[in-house]
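One structure is given here, and the rest of the page talks about it.
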Amino acid sequence: MIIYDLYLKYFNPIKYARKKGVKIGEKCRIVESPKWGSEPWLIEIGNHVEISFQCAFITHDGATWTFRDKDRYKNVIRFSRIRIGDNSFIGARTIIMPGVTIGNDVIVGAGSLVTKSIPSGEIWGGVPAKYITSVMEYAEKCLRETPNYDIKKYKDNFREEVLRICDMNEEE
């Protein structure tokens, strides 16, 4: 069973997450298996969501450990759900804290610490994560900055065409 779990974790991270109790929608992509925390069944991920590598989901406040040995606080606990809406992207090494809801059509920048909920249609990043711009403003910027490239070469020989584009950008 342990070997099967390791196999799933690395070769089918969505099936592994579902086995752990994470609710995951359709058409999602997970790059490497995130750290789902100790309560993965408190995590809900919508449809068409990509989670990049080495992300972490924290569904409880482990810091309560520091004072739970005192009688007054011995029964203190803090757990909260994490929800990610449809059509969102979570950048590499992002940490999402308890109680966070990420709306639909959201981009979270790599290395972010998400401590509060993010409305739909926005890009957030940083430590702690803050609003950067709207997804549509970013989409328009990407459209303006897309270089001329050969679509057929891009599909047939991805590496060669991307290297050509990068070399062309360096010459400018």
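The values are calculated or read from the model by the stated rules, or taken from the named source; none is laboratory data. Everything quoted here is computed from the prediction, not taken from an experiment. Using ideal geometry, Cβ is built from the backbone for each residue, glycine included, and neighbour counts are taken over all protein chains shown. What goes into the accessible areas is simple: the full protein's heavy atoms, side chains included, and nothing from ligands, DNA or RNA. Shrake-Rupley method; radii C 1.70, N 1.55, O 1.52, S 1.80 Å.
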(message) Return the residues of segment 122-131 that are more than 15 Å from the chain's Cα centre (by Cα) and farther than 17 Å from Ile95 by Cβ; say none if nothing qualifies.
(response) Tyr131
(message) Being more than 25 Å from Arg29 (Cα to Cα), among the hydroxyl-bearing types (Ser, Thr, Tyr), free of Cβ contacts under 8 Å to residues at least 24 places away in the same chain and open to solvent by 40 Å² or more (accessible area, probe 1.4 Å): is that true of Tyr73 here?
(response) yes
(request) State all residues of segment 152-172 that are of a type in the set (D, E, K, R), open to solvent by less than 100 Å² (accessible area, probe 1.4 Å) and free of Cβ contacts under 8 Å to residues at least 12 places away in the same chain; if no residue qualifies, say none. (result) Asp167
(message) I'm trying to understand the selection: among the residues of segment 38-63, which are open to solvent by 40 Å² or more (accessible area, probe 1.4 Å) and touching a Leu at 6+ places or on another chain (Cβ under 9 Å)?
(response) His60
(message) Which residue is surrounded by the most Cβ atoms within 10 Å (Cβ to Cβ), if the candidates are limited to segment 113-151 and must be assigned to a loop (DSSP other than H, G, I, E, B), of a type in the set (Val, Ile, Thr) and touching a residue at least 12 places away in the same chain (Cβ under 8 Å)?
(response) Thr115
(request) Would you check if Ile95 is out of contact with any helix residue (DSSP H, G or I) (no Cβ under 6 Å at 6 or more places or on another chain) and either free of Cβ contacts under 8 Å to residues at least 60 places away in the same chain or within 30 Å of Met168 (Cα to Cα) (or both)? (result) yes
(request) Among the residues of segment 23-37, write down those that are in a loop (DSSP other than H, G, I, E, B), surrounded by 13 or more Cβ atoms within 10 Å (Cβ to Cβ) and of a type outside the set (Asp, Glu). (result) Gly25, Cys28, Val31, Ser33, Pro34, Trp36, Gly37
(request) Kindly provide the set of residues from segment 45-74 that are part of a strand (DSSP E or B) and under 12 Å from the mean Cα position of the chain (by Cα), ordered by number. (result) Ile45, Glu50, Ile51, Ala56, Phe57
(request) Scan segment 78-96 for residues that are modelled with pLDDT of 95 or more and open to solvent by 60 Å² or more (accessible area, probe 1.4 Å) and jot them down. (result) Arg81, Arg83, Asp86, Asn87, Phe89, Arg93, Ile95
